[in-house]
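A short write-up of the structure that comes next.
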Number of protein chains: 2
Amino acid sequence: MAGVKKLINDPAEVVTETLDGFGAAHADVVAVHHDPDFVTRVGGAVSGKVGLVSGGGSGHEPLHAGFVGVGMLDAAVPGAVFTSPTPDQIFPAYQAADGGAGVLAIVKNYTGDVLNFETAGELAEAEDVTVRTVVVNDDVAVEDSLYTAGRRGVAGTVAVEKIAGAAAERGDDLDAVEAVAKKVIANVRSMGVALTACTVPHAGKPSFDLPEDEIEIGIGIHGEPGRRRIPLAGADEITELLLTPVVDDLQLASGEDVLLFVNGMGGTPASELYIVYRKARALLEARGVNVTRSLVGNYVTSLEMQGASVTVLRLDDELTTLWDAPVHTTALRW
Amino acid sequence: MAGVKKLINDPAEVVTETLDGFGAAHADVVAVHHDPDFVTRVGGAVSGKVGLVSGGGSGHEPLHAGFVGVGMLDAAVPGAVFTSPTPDQIFPAYQAADGGAGVLAIVKNYTGDVLNFETAGELAEAEDVTVRTVVVNDDVAVEDSLYTAGRRGVAGTVAVEKIAGAAAERGDDLDAVEAVAKKVIANVRSMGVALTACTVPHAGKPSFDLPEDEIEIGIGIHGEPGRRRIPLAGADEITELLLTPVVDDLQLASGEDVLLFVNGMGGTPASELYIVYRKARALLEARGVNVTRSLVGNYVTSLEMQGASVTVLRLDDELTTLWDAPVHTTALRW
């Protein structure tokens with residue numbers, strides 16, 4: 001275990017043991033399936049409702065299994081840590097989520113995920129399960145990256161899953177759920193910062209080196225390089241470095257309404273997330289932008305990485321109503 | 001800022017800036033007061049209801065302000081990081097929480113907290129606000145410690161606040177709310193482990209040194225020493241070291257029902273908490289104990305410390321009903 005100071009047993013069993021604990025703790029909300037691994041709502045597919053499926057590498061908990069439940073996902077597919085799930089995991093999740101009205105897959109833009117969800121979709125179509133896919137690419141830090149063509153999908157994924165989930169829950173058809181998911185994707189942007197690296201259990205050493213007096217602006221959720229390294233700065237200065245590219249990319253105008261979401265990377269105290277939120281909100285308000293909805297917490301993490309990301313979603317009445325709709329998952333509930 | 005790799009500005013402003021962000025993000029649930037600092041429900045005291053107040057040093061977020069809201073606390077009083085709030089902060093919180101039926105203060109057993117809440121109670125009595133105090137001492141790791149006479153109060157505090165809060169919300173009088181709080185205290189026990197230390201912002205260096213290959217069993221939530229240091233071990237072995245003293249101290253018998261609560265210390269990935277939960281549950285079930293309620297997450301933290309604690313609460317029908325009662329706070333909601 002040298003070099004891995006973690007509450008784990010065999011590194012090869014981390015995902016399985018996590019799922020077993022998760023399923024036992026939340027048996028009123030989710031059902032955990034093994035061989036292959038995927039998570040569904042405890043009651044299975046809802047007849048006549050569009051099924052929502054997401055997934056990706058583990059290590060970003062509560063994403064995605066924490067968002068399975070009424071008002072959000074029907075199924076989630078966890079891969080190995082920071083590794084895409086395989087098509088033979090995703091395909092049965094599509095089947096389990098299909099209530100006869102088709103399935104929408106919400107995929108973060110990483111090459112492996114996009115390919116594997118696509119292959120699984122082909123398997124599903126051969127079994128007469130209709131699958132549409134939307135790809136989330138909210139990270140404004142980099143165009144193309146270590147693992148992607150185009151921008152990466154990061155914390156904005158939570159907004160896509162919540163809002164598309166609410167649309168599916170109220171009975172929208174596949175075309176409509178896909179359309180609203182794409183509307184969220186078109187209006188959500190994020191950027192993150194890392195103060196420390198994280199260690200993948202089976203790797204046994206940090207994914208990258210970050211000197212004690214430097215931080216990485218524009219970090220990816222797997223510790224991929226961002227825009228640049230800078231000396232450690234105050235929270236207000238860092239928040240401005242994250243928020244400005246987000247606001248510029250969205251071309252936000254005075255008078256617009258937004259959801260402001262400050263996400264913790266896993267190892268960041270809640271107090272620091274609220275300090276960042278406070279400054280991000282002040283910067284938005286100084287531009288005349290109205291923060292009408294908020295979310296602060298660890299929702300899309302990178303194991304024990306210390307850092308945070310700032311996500312802004314442009315809201316209209318439709319998106320606000322769907323954001324506010326009831327949700328009953330293990331990680332998001334109102 | 002050397003030595004403090006945190007998303008903060010001036011270390012002296014951490015608590016104020018955290019409260020400002022917290023209040024702005026959750027204006028539908030809480031109201032933040034300054035000079036002195038305390039947090040109340042947005043609507044203030046509920047007429048005729050017993051008021052519930054808690055508080056303590058900051059750095060344990062979401063404890064306590066995250067538990068202000070319907071079904072739980074009426075007010076919370078945050079001190080400086082790892083430092084008791086002062087009587088002149090606590091006294092106005094008592095006044096603000098008093099709906100005419102008296103106030104119950106829930107205090108973790110640290111000498112400074114106990115003294116300051118007592119002094120504030122005397123100030124309140126002089127203004128005809130009746131205050132009773134219960135002291136939580138659930139940590140079985142040590143008898144007496146760096147900051148206490150008797151056992152320390154740790155994660156079990158969440159169960160006291162939730163269950164007493166539900167009793168107050170349904171209209172129980174001060175005697176009854178005090179009695180049920182004491183019943184929870186008598187039936188809840190915890191023990192924790194630290195994998196890494198944490199750094200108090202204004203201190204600028206870690207609170208203690210923990211070698212790369214050692215962990216501290218029985219750690220306190222301020223990094224105070226526990227029972228002993230041992231070489232890093234697997235999660236299952238560590239979980240057994242935490243759970244066994246808890247179960248023994250409770251003298252749990254086969255056939256009893258419990259709440260199993262695995263709490264993250266702030267810097268621990270959710271996956272690791274579920275791995276610990278899974279083992280703790282298996283150990284309880286092997287003893288014939290029924291885990292009928294569960295809670296897993298970061299609820300009583302120590303800044304960015306990596307580690308976890310295991311809490312067990314013996315349940316009967318009354319405590320189960322009160323645990324299940326609706327709660328609408330920023331950190332606990334159902």
Which residue, A:238, A:219, A:230, has the most motion in a Gaussian network model of chain A that connects Cα atoms within less than 10 Å? A:230
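So, counting K/R as plus one and D/E as minus one, what does the shell of residues with Cβ under 11 Å around residue B:269 add up to?
Numbers: positive: A:6; negative: A:61, A:304, B:272.
Computed value for this residue: -2.
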Taking the dipole of the range B:13-186 about the Cα centre (Lys, Arg +1; Asp, Glu -1; charges at Cβ), the one of B:155, B:50, B:39 that reaches farthest to the positive side is B:155
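Does the range B:13-186 come out rounded, prolate or oblate by the C-alpha gyration tensor, with a ≥ b ≥ c the root eigenvalues, rounded set by a/c under 1.5 and, if not, prolate when a/b is larger than b/c and oblate if not? If you can, show how the numbers build up before the last one.
Details: a/c = 1.38, a/b = 1.07, b/c = 1.29.
Cα axes put the range B:13-186 in the rounded bin.
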Treating the point 7 Å from Cα along Cα-beta-carbon as the label, what are the nm separations from residue B:48 to the other copies, to one decimal? 4.3
Just to confirm the numbers: residue B:126, label point 7 angstrom along the Cα-Cβ line, distances to the other copies in nm, shortest first? 8.2
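Tell me the relative contact order for the range A:205-285 as a rounded percent, counting alpha carbon contacts under 8 Å between residues six or more apart. Walk me through the numbers before you get to the answer.
Working: 57 pairs, mean separation 18.9, N = 81.
Worked out over the range A:205-285, it gives 23 percent.
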Could you give the dipole magnitude of the protein assembly as shown about its Cα centre, charging the beta-carbon of Lys and Arg +1 and that of Asp and Glu -1, in debye to the nearest 20? 180 debye
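Just the number: Rg to Rh for the range A:263-334, Cα atoms, Kirkwood Rh, two decimals.
Details: Rg = 13.5 Å, Rh = 13.6 Å.
Radius of gyration over Kirkwood radius for the range A:263-334 works out to 1.00.
Considering only DSSP states other than H, G, I, E and B, which trypsin sites (Lys or Arg not before Pro) in the range A:199-308 qualify as loop sites with at most 16 other Cβ atoms within 10 Å? Before the final figure, lay out each step's value.
On the way: sites: A:227, A:228, A:229, A:278, A:279, A:281, A:287, A:293; in loops: A:227, A:287.
Filter output for the range A:199-308: A:227, A:287.
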Inter-part gap, Cα centre of the range B:118-160 to Cα centre of the range B:276-295, in whole angstrom, is 28 Å
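Which three semi-axes in whole Å describe the equivalent ellipsoid of the protein assembly as shown, each the square root of 5 times a Cα gyration tensor eigenvalue, listed largest first?
Working: eigenvalues 279, 149, 132 Å².
Working from the Cα gyration tensor, I get semi-axes of 37, 27, 26 Å.
State which entries of B:162/B:182; A:5/B:205; A:108/A:182; A:162/B:162; A:49/A:183 exceed 24 angstrom in Cα-Cα distance in the structure shown.
Details: B:162/B:182 13 Å; A:5/B:205 20 Å; A:108/A:182 13 Å; A:162/B:162 27 Å; A:49/A:183 20 Å.
Pairs exceeding 24 Å: A:162/B:162.
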Sequence-distant or interchain residues sharing an amide H contact under 5 Å with residue B:51, placed H: which? B:99, B:101, B:102, B:103, B:104
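Would you please classify the overall shape of the range A:188-324 from the alpha carbon gyration tensor, given that a ≥ b ≥ c denote the square roots of the eigenvalues, rounded means a/c under 1.5, and beyond that prolate means a/b larger than b/c while oblate covers the rest?
prolate
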About its Cα centre, what dipole magnitude does the range A:188-324 give when the only charges are +1 on Lys and Arg Cβ and -1 on Asp and Glu Cβ, stated in debye to the nearest 20? 120 debye
Innermost chain B residue relative to the axis carrying B onto A, by Cβ distance in angstrom: B:267, 2
For residue A:173, inter-copy label distances in nm, listed shortest first [label point 7 Å out on the Cα-Cβ vector]: 6.3
Listed by chain and number, the lysines with an alpha carbon less than 16 angstrom from that of residue B:279, same-chain partners under 8 positions apart left out, are A:6
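Given DSSP loops and a limit of at most 12 other Cβ atoms within 10 Å, what is the longest stretch of chain B that contains no such GluC sites (Glu not before Pro)? Please report the intermediate quantities before stating the final value.
Numbers: sites that count: B:127, B:143, B:212.
Answer - B:1-126.
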Contour minus Cα-Cα span, residue B:27 to residue B:248, at 0.36 nm per residue, comes to 75.2 nm
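Using Cα pairs closer than 8 Å and at least 6 residues apart in sequence, work out the relative contact order for the range A:89-167, in percent.
The normalised contact order for the range A:89-167 reaches 31 percent.
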Mind checking which helices in chain B clear 18 Å along their axis (Cα) and have mean Kyte-Doolittle hydropathy of -0.5 or more, DSSP H runs only? B:111-126, B:156-169, B:174-187, B:235-250, B:270-286
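Taking a ≥ b ≥ c as the square roots of the eigenvalues of the Cα gyration tensor of chain A, is the shape rounded (a/c under 1.5), prolate (a/b larger than b/c) or oblate?
On the way: a/c = 1.75, a/b = 1.18, b/c = 1.48.
Oblate.
Any read-out appearing in this document is the output of simple, stated calculations on the displayed coordinates, not a laboratory observation. Computed from a predicted model, the values in this text were never measured in an experiment. FYI the Cβ positions are ideal-geometry reconstructions off the backbone, even for glycines, and counts take in every protein chain you see.
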